[in-house]
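Take a look at the structure below.
Since every read-out is calculated from the coordinates, none of them should be taken as a lab result. Source: prediction; values computed, not measured. As a convention, Cβ positions derive from the backbone with ideal geometry for all residues, glycine included, and neighbour counts pool all protein chains shown.
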Amino acid sequence: MKFPCNCIVAALVARVLHPAQTRISFVRTRAGRWHCIWVRAGHRYEFYAPGRSKLPYWRNLVYLGCVRQIGGTL
């Protein structure tokens with residue numbers, strides 16, 4: 001299911017819903033931009049939408065994307 005959001009808002013919502021289990025971190029992408037991921041129950045998640053790295057940060061909030069699990073378990 002796609003919905004308008006960005007990685008920071010999605011991570012904060014995950015933290016509010018599961019405060020004791022969710023850890024948020026920021027990483028730099030290959031394009032040099034900041035990206036927010038979160039870890040819950042040993043699984044890493046991100047909010048993803050193709051083509052977002054080319055948009056300004058403020059426009060990312062209204063761009064459609066989805067939450068997906070990345071990598072393996074920690």
> Where does the chain land at 222 nm, in deg cm²/dmol rounded to the nearest 500, when only DSSP H runs of n ≥ 4 count, each adding -39500 (n - 2.57), divided by all residues?
Replying inline: -5500 deg cm²/dmol
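If each residue of separation counts as 0.36 nm, what is the full-extension length gain between Ser53 and Leu12 once their alpha-carbon separation is subtracted? Numbers along the way, then the final one.
Details: separation 41, 0.36 × 41 = 14.76 nm, distance 2.00 nm.
The Ser53-Leu12 span can extend by a further 12.8 nm.
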>> Taking C-beta distances below 4.7 angstrom as the pairing criterion, name the unpartnered cysteines of the chain, in sequence order.
In response: Cys5, Cys66
> Using the Cβ atoms and a cut-off under 13 Å, what net charge is assigned to the surroundings of Arg44, where Lys and Arg are +1 and Asp and Glu are -1?
Replying inline: +2
> At q = 0.12 Å⁻¹, what log₁₀ I(q)/I(0) does a Debye calculation on the Cα points of the chain give, no solvent, two decimals?
Replying inline: -0.30
>> Rounding to the nearest 10 and keeping the result within 0 to 90°, find how far the Cα-based axis of helix 7-17 lies from the longest principal axis of the chain.
In response: 30 degrees
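Which peptide among 5-14, 24-33, 42-51 comes first, and what is the full order, when sorted by highest mean count of other Cβ atoms within 10 Å?
Working: 5-14: 19.1, 24-33: 10.1, 42-51: 14.8.
Top of the packing list down: 5-14, 42-51, 24-33.
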